[in-house]
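The values are calculated or read from the model by the stated rules, or taken from the named source; none is laboratory data. As the structure is a prediction and not an experimental result, all values here were calculated from the model. Here the Cβ positions follow ideal geometry from the backbone for every residue, glycine too, while neighbour counts run over all protein chains shown.
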Amino acid sequence: MKKITVIGTGYVGLVSGACFSEIGNRVICCDVDQRKIDLLNRNEIPIYEPGLQEMVTRNKEQGRLLFTTEVGEAIEASDIVYIAVGTPMSETGEADMRYVMSAARKIGEHLNGHKIIVNKSTVPVGTGELVREVVQANKKYPWIGFDIVSNPEFLREGSALSDCMNMDRAIIGSDNPEAASVIEELHAPFKTKVFKTDLESAEMIKYAANTFLATKISFINAIANICEKVGADVEDVAAGMGLDSRIGGKFLQAGIGYGGSCFPKDTYALAHIADKAGYEFDLLKSVIRTNQKQRF
Ligand SMILES: NC(=O)c1ccc[n+]([C@@H]2O[C@H](COP(=O)([O-])OP(=O)(O)OC[C@H]3O[C@@H](n4cnc5c(N)ncnc54)[C@H](O)[C@@H]3O)[C@@H](O)[C@H]2O)c1
């Protein structure tokens, strides 16, 4: 049994927190949104995910899952602290890091013993190191140590619970093998494939995966536009292409383009990361442009 605190009880924080409690851990989900926490404490679930209501109720009743707005106290009560706050798109297209940084400050202020700080939010490469600096700068007790791990989330809204309980891979990035092993152990009941790497690569895997899927969507939409002009049937083309196991049939449905809460912001965010790193990511820019044109 591990003592876990999840900062941010949104889609990702709530689902992950519930699933970690389901496999036998004591989990505190905290949030600055009083309304959300009040709802959860009344057994009302702010999002609809099949099975989530039952899982939350069951684990609350067994004392393994708690909800609070007392973020500091929640941090102090755990050995593993997950950051699962939002990273929305800012006006310039970059990921807005203010919530992650505020969570990091709070962790520093309430670091009352060694903790593993795990980032689950989708964040630009280098954020793990930034979180380390912010925690370090806000520590009350200089002698207390901590580790940083990146463990990005891949759930899909609508099948989030089963994506978590039947997780097909867990990416664990850290520069400390011991911290990575603790997070690997936490995932053991999920019987999932674990891929361990360094912090930066784990952060990059999340963006690379989402932008690759977005690329498939923009690609088939571009093919659909050509099909219309030359008299081919894009559904048959996609079905035929998908038979090639190197390509696969998923994410080849032509339509109005990608949307939702992740692909638009993550494609823009990676384009910014590339710009900042001095790489002209023409392919990704064209994926974004193709998606924008597809709506009209
Ligand atoms: N929703 C998805 O399908 C999905 C899938 C994979 C990854 N992600 C990533 O996971 C992260 C979280 O996404 P989400 O959809 O759960 O976001 P969300 O907006 O649903 O939830 C974020 C929560 O964090 C809370 N919060 C903000 N600052 C806080 C603070 N300082 N202390 C405590 N709570 C705080 C907010 O009140 C909110 O309830 C994002 O980086 C997102 O890109 C989301």
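For the stretch 221-296, list the helices (runs of 4 or more DSSP H) that sit wholly inside it and hold at least 3 residues that are under 30 Å from T127 (Cα atoms) and at pLDDT 95 or above; which are they?
The helices (runs of 4 or more DSSP H) meeting that bar are 263-277, 282-294.
Could you tell me whether the stretch 188-211 includes any residue that is touching a residue at least 12 places away in the same chain (Cβ under 8 Å), touching a strand residue (DSSP E or B) at 6+ places or on another chain (Cβ under 9 Å), aliphatic (A, V, I, L, M) and not in a helix (DSSP H, G or I)?
Looking through the stretch 188-211, at least one residue is touching a residue at least 12 places away in the same chain (Cβ under 8 Å), touching a strand residue (DSSP E or B) at 6+ places or on another chain (Cβ under 9 Å), aliphatic (A, V, I, L, M) and not in a helix (DSSP H, G or I).
Specify the residue that is surrounded by the most Cβ atoms within 10 Å (Cβ to Cβ); the eligible residues are those in the stretch 251-275 that are charged (D, E, K, R) and in contact (Cβ under 8 Å) with a residue 12 or more places away in the chain.
Out of the qualifying residues, it is D266.
Name the residue that is surrounded by the most Cβ atoms within 10 Å (Cβ to Cβ), counting only residues in the stretch 45-88 that are in a strand (DSSP E or B) and not aromatic (F, W, Y).
V81
Identify the residue in the stretch 1-44 that is assigned to a loop (DSSP other than H, G, I, E, B) and within 10 Å of the ligand (Cβ to nearest atom) and, among all such residues, is surrounded by the most Cβ atoms within 10 Å (Cβ to Cβ).
T9
How do the pairs read when you match residues in the stretch 153-165 that are in a helix (DSSP H, G or I) with residues anywhere that are near the ligand (Cβ under 6 Å from one of its atoms), using Cβ under 6 Å and keeping only pairs 6 or more apart or on different chains?
Once the first residue is in a helix (DSSP H, G or I) and sits in the stretch 153-165, its partners that are near the ligand (Cβ under 6 Å from one of its atoms) give D163/L155; C164/L155.
Among the numbered conditions (1) near the ligand (Cβ under 10 Å from one of its atoms); (2) without any contact (Cβ under 8 Å) to a residue 12 or more places away in the chain, tell me where R105 comes up short.
Answer for R105: the failing condition is (2).
State the number of residues belonging to the stretch 127-165 that are among the small types (G, A, S), more than 30 Å from Q53 (Cα to Cα) and within 16 Å of the ligand (Cβ to nearest atom).
Of the residues in the stretch 127-165, 1 are among the small types (G, A, S), more than 30 Å from Q53 (Cα to Cα) and within 16 Å of the ligand (Cβ to nearest atom).
Each row is one residue, and each column tells you yes or no for (1) within 10 Å of the ligand (Cβ to nearest atom); (2) touching a Cys at 6+ places or on another chain (Cβ under 6 Å); (3) more than 21 Å from S21 (Cβ to Cβ).
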| residue | (1), (2), (3) |
| --- | --- |
| R58 | no, no, no |
| L66 | no, no, no |
| V71 | yes, yes, no |
| A74 | yes, yes, no |
| A77 | no, no, no |
| Y82 | no, no, no |
| M89 | yes, no, yes |
| M101 | yes, no, yes |
| V123 | yes, no, yes |
